[in-house]
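The structure appears below as structure tokens.
The values are calculated or read from the model by the stated rules, or taken from the named source; none is laboratory data. Predicted model only: the values in this text are computed from it and were never measured. When we count neighbours, we look across all protein chains shown, and the Cβ atoms used for this are built from the backbone with ideal geometry, even at glycine. Note: accessible area is taken over every heavy atom of the protein model, side chains too, but ligands, DNA and RNA are not part of it. Shrake-Rupley method; radii C 1.70, N 1.55, O 1.52, S 1.80 Å.
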Amino acid sequence: MLAIPAIPSLGLIILMLKLVESPRWLVLQGRLDDARKVLLLISNSKEEAEQRLKEIKVAVGIDENCMQSIVHVPQKTRNGGGALKEMFHKPSPHVYKILFAAIGVHVFQQICGIEGILLYSPRVFERVGITEKSTLLLATVGIGISQTLFTLLSSFLLDRIGRRTLLLVSSGGVVVTWLGLSISSAIVESSKLGEEPLWAIVFIIVVMYILVAFVAIGIGPVTWVYSSEIFPLRLRAQGLGVCVAVNRVTNVAVVTSFISIYKTITLGGTFFMLVGINALAWWFYYSFLPETKGRSLEDMETIFGKDSKSEVQLKFESNNA
């Protein structure tokens, strides 16, 4: 069991040998010719590649008409110096909005409650009256199947429907399913031991699968896509690092408190609490997350309220003077 994961890990190592560097990182290092070669590989035409290269150069503070193969980029810019200070010490309004949105999606991804279900599903099923080992195993495997199928579906819908739309549909569905689970769980928990209504148990299993599907199609994968693309180039590495740290800390808080909470306020009460949390998440997605579908990474500051791209170049020139 412990050796089998080494197989896909080895495959990952082999595939990573063929990876090329990000064109944006190459531009940050002043390697314009190498960045152009990568963009030609991933663009639909030479014209598109050149246009994207110009946008990246402007974001870094390089003249968009510069045709040199290698240019000098200040050490501070290459290493992302000052990024954390810019994000947390008197950030500009658009940087604050970006940071707020990125951290917010990661917090709500974890406190939506899905981690408790994925990690403690056998305990949850036992709590609602499923005690037979084979049935427990089958119900738990079904959760994994639902998550896998709808995560794959999400990858096809991200660029067709949009990130914001998927998040709204996902969180809306999660609110409804948690409400159904809270009511049915309360009915089961109020029944005498061994006399739980069969319809309620079946309903809980089915709705739990639907819950996992709603999370897998939006909140789960879109969180990582959205947060990785909204940070401006100079803040991207450090910004996403902060998001990952917040995500993991929140995850630990959720998984270590889930059992204590449902033992204190019952399973039905815990699910009802999650209804409120996910309703708040829906409002957050609706109010603070602009759609990013079809926009380049260099457009993100404009989407979040920056007046013009030229300001980016002016800021870099000022910082690196």
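Identify, from the list ARG248, ARG236, the residue that is touching a helix residue (DSSP H, G or I) at 6+ places or on another chain (Cβ under 8 Å) and basic (Lys, Arg).
ARG236
Among the listed residues ILE117, ILE62, identify the single one that is within 22 Å of LEU267 (Cβ to Cβ) and open to solvent by less than 30 Å² (accessible area, probe 1.4 Å).
Working: ILE62 fails: within 22 Å of LEU267 (Cβ to Cβ).
Of the residues listed, the single one that is within 22 Å of LEU267 (Cβ to Cβ) and open to solvent by less than 30 Å² (accessible area, probe 1.4 Å) is ILE117.
Looking at (1) open to solvent by less than 50 Å² (accessible area, probe 1.4 Å); (2) out of contact with any His (no Cβ under 7 Å at 6 or more places or on another chain), which is the only condition VAL246 fails?
Result: VAL246 fails condition (2) only.
Might you check whether a residue that is closer than 21 Å to GLY144 by Cβ, assigned to a helix (DSSP H, G or I) and of a type outside the set (Val, Ile, Thr) occurs anywhere in segment 222-242?
Scanning segment 222-242 turns up at least one residue that is closer than 21 Å to GLY144 by Cβ, assigned to a helix (DSSP H, G or I) and of a type outside the set (Val, Ile, Thr).
What single numbered condition from (1) hydrophobic (A, V, I, L, M, F, W, C); (2) at pLDDT 90 or above; (3) in contact with a Leu (Cβ under 7 Å, 6 or more places away or on another chain) fails to hold for ILE204?
(2)
Of all residues in segment 229-241, which are aliphatic (A, V, I, L, M) and within 13 Å of the chain's Cα centre (by Cα)?
Those that are aliphatic (A, V, I, L, M) and within 13 Å of the chain's Cα centre (by Cα): ILE230, LEU240.
Step by step: first the residues of segment 31-52, then only those that are of a type in the set (Lys, Arg) and under 23 Å from GLN75 (Cα atoms), then the one that is surrounded by the fewest Cβ atoms within 10 Å (Cβ to Cβ). Which residue is that?
Among those that are of a type in the set (Lys, Arg) and under 23 Å from GLN75 (Cα atoms), it is ARG31.
Can you say whether THR131 is open to solvent by 30 Å² or more (accessible area, probe 1.4 Å) and not in a helix (DSSP H, G or I), as far as the supplied structure shows?
It is true that THR131 is open to solvent by 30 Å² or more (accessible area, probe 1.4 Å) and not in a helix (DSSP H, G or I).
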